[in-house]
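Read the structure below first, then the notes.
Every number here is computed from the coordinates shown, using simple stated rules; none is lab data. Keep in mind the model is a prediction, meaning the values are calculated, not measured. Glycine also receives a Cβ, built like all others from the backbone with ideal geometry; neighbour counts cover every protein chain displayed.
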Amino acid sequence: MALLELKNISKIYGDLKALDNVSIKVDKGEWVAIMGPSGSGKSTMMNIIGCMDKPSMGEVLLDGVDISKESQKKLTDIRRDKIGLIFQQFHMVTYLTAVENVMVSQYYHSMPDEEEALEALGRVGLRERAKHLPSQLSGGEQQRVCVARALINHPELILADEPTGNLDEANENIVLDLFRQLHNEGTTLIVVTHDPEVAEAAQRTIVLEHGRVAREVINENFGK
Amino acid sequence: MTKRKMFLRMITASLLRRRSRMLIALLSIAVGATILSGLVTIYYDVPRQMGAQFRSYGANMILLADGKTEMTSESLEKALGLIPESELVGAAPYRYVRLDMPSRQQSFTGAGTDFEQVLKTSPYFSVEGEYPVNAREILIGREIAETIGAKTGSSLELSYKPAAVISENAEQDRHSGASLSGSAEGFNKVPLTANVELDEEGRIASIEVDASSQTPGIGSMVGTDKAFLDQFIGKTLPLRLSGSGSGSGESEGGDSEDNPAQEVDAVTGATVSSQAVVDALNSAVSSEKAAAIENTEHFTVTGILSTGGEEESYIYMTLKDLQRLTGEETLDVAELSVSADAEELEQYAGAVAESNLGITARLVKRVTRSEASVLGKLQALVFLVTVVVLLLTMICVSTTMMAVVSERRREIGLRKALGASDQSIRKEFLGEGVFLGGLGGILGGILGFVFAQVVSVNVFGSSITLQPLLLPITILASIAIAALSCQLPIRRAVAIDPAIVLKGE
């Protein structure tokens, strides 16, 4: 069953068609990578999937509900309830500790629970660093905190924007391993990347070019 | 952990861990609050301060006997009790009498008062030397000092003689139906007394002379010789002894004209005593006055008073000295300096009038009116400055918060991406603003008191009283100002697009 379905969506900025009649489908529990050079429409698609933007045309079905015409406020609610976000530049609240950063996500979602937040940090191997400020953490550690933050509310979809773009190989592998774990637990993952290695870790890769889906590649080596 | 706890944790972390920027906002609020609370303190203290300044122009309320009852220290004390103690700057009682200076045969107005109070009610008194402190010390007006050539340290003999004092009064007392009595020195300077009653026309209806002190059988005859006494019946005062020159002794017999209708013949062999009877009658005053004691004392001048006014022709002594000298306890007037506006003064005057103490209160309008007008202008000025400072503070805080918002754009975008509603963002920034406002308010409230104190001491030369309500009011006002200043920055924060967190845009 499709968790996310984009039906003939277009996004038009003046004369520019950032997305041009794109249709994709992501099933529940699936791990999909979205690739493409800059200007291919990746970011626009990411914004739309992340409920931060609306298409000019077409439908976006999330969990069977069309969210393409929803108000900004409603989109915020949907994003909070269903989507966990991971960013290229980590984005942590600089004056809050690691565990507090995880709790911020809980705070907006439902109730802050320090114990649960610590557990999530434990899952990414950072329980010992819970009381550290972002400035005291390495890039890899920060991104792991962000993964913990993204999964703390058990979202149906984790949307990662170049999650390893700013990481070295060792840390990239740690993050990818975490994704594998999440995938094995049944979490749906959409990873936007330009890194073929990261894309190869996914089950399927959708390649965008000039605002259109250029091709889709099934990773036959997945799980091996 | 509850949501509220997390909210507070985020806000305090934001303020504590991002010190530099927040310090600027905090500082501007604290400075604003300092000026605010300082000016408000001064605003409320100015009337008191200025009141004290105005009090230096003299009394603004006067208490007098109402004409039916005499005013005494006791009744004055009760009347003063009707005025709040905190507002009563000073109350100087005065008793004025005519004092003679036998050495120069001159009379002056003597005033008995309480110098400690005079310092408060008449701060404009300029004294060369010292105020009297001990008994038999006097302060004399510059005019008197120049007339008699007295200096600080000079010794003066002053006497209070009811009969003499009243020579002129004697005439007033000679109304129809009056009962008069007088005394004069007879033979060997021994005094005798004479009492008369006047009829409707003011003529002598009956006479009684107590001459038992005179030489028995000779001088004493003036009290018993019917022929002598009968001469007085039907005559009007003043009188003179036939064959004698102008009056002598203490009387002012010289006043009487050369009119046989006002002459009486002396008892043979007792001319001096007869003259004494005439003198006694001429100086006779209403009986109570006559009962007063005649007294002479020596006083030391401790100071010369300059005021530029009529006070320069008075001799001031302590009330105690004057009372001993005159044997009277009445007061003529009390000058009050009250730290209150015209309306309150009217109220106190009304209370005194209603108290049935036999005292009426009058306001010195000239002083109270100019006081009210100057105070009004000063308060308007302070108010204006306060408003301007508040506006400046708001602009400063608003600008700082604006900078804070743009500095935290990414963080705000992140929070929104994580699911923060506009409401949450608003709440968080407002929370920080309120926190800053509260902290700045506490700081400013304390500093404001210091500021007001410094201004007060330097400008008015006196310290201020702490208004206990002012601290909470300052804190609340600071919070309100901070919250208000945050409105525009908050609007901008809410408008931030969460998509900025993607792709390092």
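Miscellaneous remarks
- Average beta-carbon neighbours from other chains, 10 Å sphere, peptide A:86-99: 5
- Computed with the Debye formula from one identical point scatterer per Cα of the stretch A:9-111, without solvent, the log10 of I(q)/I(0) at q = 0.10, 0.12, 0.24, 0.25 Å⁻¹ comes to -0.35, -0.50, -1.40, -1.44.
- Compactness index (Cα Rg / 2.2 N^0.38 Å), the stretch A:1-53: 1.16
- For q = 0.11, 0.12, 0.19, 0.20 Å⁻¹, Debye-computed log10 I/I(0) when each Cα of the stretch A:103-224 counts as one equal scatterer: -0.41, -0.49, -1.09, -1.17
- Based on Cα contacts under 8 Å between residues 6+ apart, chain A shows a relative contact order of 28 percent.
- Based on alpha-carbon atoms, the Kirkwood radius and the radius of gyration of the stretch B:365-505 give Rg/Rh equal to 1.19.
- Alpha-carbon centroid distance for the pair the stretch B:410-434 / the stretch A:141-218, whole angstrom: 27
- Angle in degrees between helix A:114-123 and the longest Cα principal axis of chain A, rounded to the nearest 10: 70
- Ordering of B:453-465, B:137-149 by burial proxy (mean other Cβ atoms within 10 Å per residue, highest first): B:137-149, B:453-465
- Counting only Cα atoms, chain B measures 141, 45, 38 Å along its principal axes, largest extent leading.
- Computed from Cα atoms, the angle from the helix A:72-82 axis to the main principal axis of chain A rounds to 60 degrees.
- At least 15 Å along the helix axis (C-alpha) and Kyte average at least 0.0, DSSP helices within chain B: B:3-17, B:19-55, B:271-282, B:365-407, B:422-455, B:470-485
- Greater than 28 Å apart at Cα, pairs in A:25/A:82; A:42/B:427; A:25/B:3: A:42/B:427; A:25/B:3
- Summary value for the stretch A:164-224: 22 percent relative contact order, contacts being C-alpha pairs under 8 angstrom separated by 6+ residues.
- Taking each DSSP H run with n ≥ 4 as -39500 (n - 2.57) and averaging over every residue of the protein assembly as shown yields -13500 deg cm²/dmol at 222 nm.
- Exposure proxy ranking for B:491, A:149, based on other Cβ atoms within 10 angstrom of each Cβ and starting from the fewest, stands as B:491, A:149.
- For the residues of B:492-499, the average number of beta carbons from a partner chain within 10 Å of their own beta carbon is 3.
- Each residue of the protein assembly as shown gets 235 Å³ once the volume of the Cα convex hull is shared out per residue.
- The distance from the alpha carbon centre of the stretch B:442-505 to that of the stretch A:71-113 is 32 Å, rounded to a whole number.
- Take each residue of peptide A:72-84, count the partner chain Cβ atoms within 10 Å of its Cβ, and average: the result is 3.
- Rounded, prolate or oblate (a/c below 1.5 giving rounded, otherwise prolate when a/b exceeds b/c) for the stretch A:129-179 by Cα gyration tensor: oblate
- Share of Cα-Cα pairs in chain A lying beyond 25 Å, as whole percent: 38
- 12 Å Cα-Cα reach of residue A:131 towards aspartates and glutamates, excluding residues that sit fewer than 8 places from it in its own chain: A:100, A:114
- Checking every one of the chymotrypsin sites (Phe, Trp or Tyr not before Pro) in the stretch A:1-93 against DSSP loop status and a limit of 12 other Cβ atoms within 10 Å picks out no site at all.
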